[in-house]
Amino acid sequence: MASAATLAALIAVASALAAGQPDPKRMTLRLSDLPPHLALVRAESGRYDAARAARTDNAPVSLFRSHGYLTGYELDATRKGSLSSDVSAGLFQIISAASLWRTGAGARWSLARSVKSARTHGFQPLPTGGRIGAESHLYSYPLQDGNYSFQVYSLGWRDGPVRATVLVAGAKSAATARRAVTLARKQERRIAAELKP
């Protein structure tokens, strides 16, 4: 049986969609956009309300609500099979996310929060080769999982009241800045189409 909080979140999302607001699910990548060796992680994919977004970001839900968080969606896909199944071949994970804020100021606040965190952690800033949305930031960092080493590229941007992210992780030969930028541009086209009046 669904909890009261889950039902409230579903009602809020349904109300927002019925009111004609843009739908973050239509502003993310689809599994068909990704390499076929990746599978959907159902536990991590799906709609976000302010409470789930705040939990994911280790922040009080009141902070997200005060900045106008409305709703979000995340698609998380990882390699089929185990981590040890030829980790050097291809990408290991791709995440595509979009959140809708009451105003552009909320999306700007969210992106600035992520940029501050990336700088605090010493992630390497990289150029995107051209603007994505109104403002974009690409960072790279290494990730160690037991005996396995990955390279991660995280590209965050904003477009009006939307804050978006594409994260690409895999072996250094497969996870590249270019791959992250290409996917982000594809996602931004969906965002622009969804925001059209």
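Near Tyr69, the amide H atoms lying under 5 Å from its own belong to Arg102; only residues 5 or more places off or on other chains count, and H is placed 1.01 Å from N.
Ordering of 52-61, 71-80 by packing is 71-80, 52-61, highest average first (other Cβ atoms within 10 Å, averaged per residue). Listed by chain and number, the lysines whose alpha-carbon sits under 27 Å from that of Lys172, ignoring those within fewer than 8 places in the same chain, are Lys80, Lys116, Lys186.
Remark: the stretch 150-156, residue by residue, has Karplus-estimated 3J(HN,Hα) of 10, 10, 10, 10, 10, 10, x Hz, where x stands for each Gly or Pro and the curve is 6.51 cos²θ - 1.76 cosθ + 1.60 at θ = phi - 60°.
Taking Cα pairs under 8 Å and at least six residues apart, what relative contact order does the chain come out at, in percent? Computed over the chain, the figure is 21 percent. In sequence order, the stretch 68-75 has phi-based couplings of x, 5, 9, 6, x, 8, 9, 10 Hz under the Karplus curve 6.51 cos²θ - 1.76 cosθ + 1.60, θ = phi - 60°, and Gly or Pro positions carry x. Per-residue 3J(HN,Hα) values for the stretch 126-142, derived from phi via the Karplus relation 6.51 cos²θ - 1.76 cosθ + 1.60 with θ = phi - 60°, read 9, x, 9, x, x, 5, 10, x, 7, 7, 9, 9, 10, 10, 10, 7, x Hz in sequence order (x marks Gly and Pro). Computed from Cα positions, the angle between helix 104-120 and the longest principal axis of the chain comes to roughly 30 degrees.
We did not get these values from a lab; they are worked out from the coordinates using the rules stated. None of the values given here were measured: they were computed from a predicted structure. Cβ: placed from backbone, ideal geometry, glycine included. Neighbour counts: every protein chain shown.
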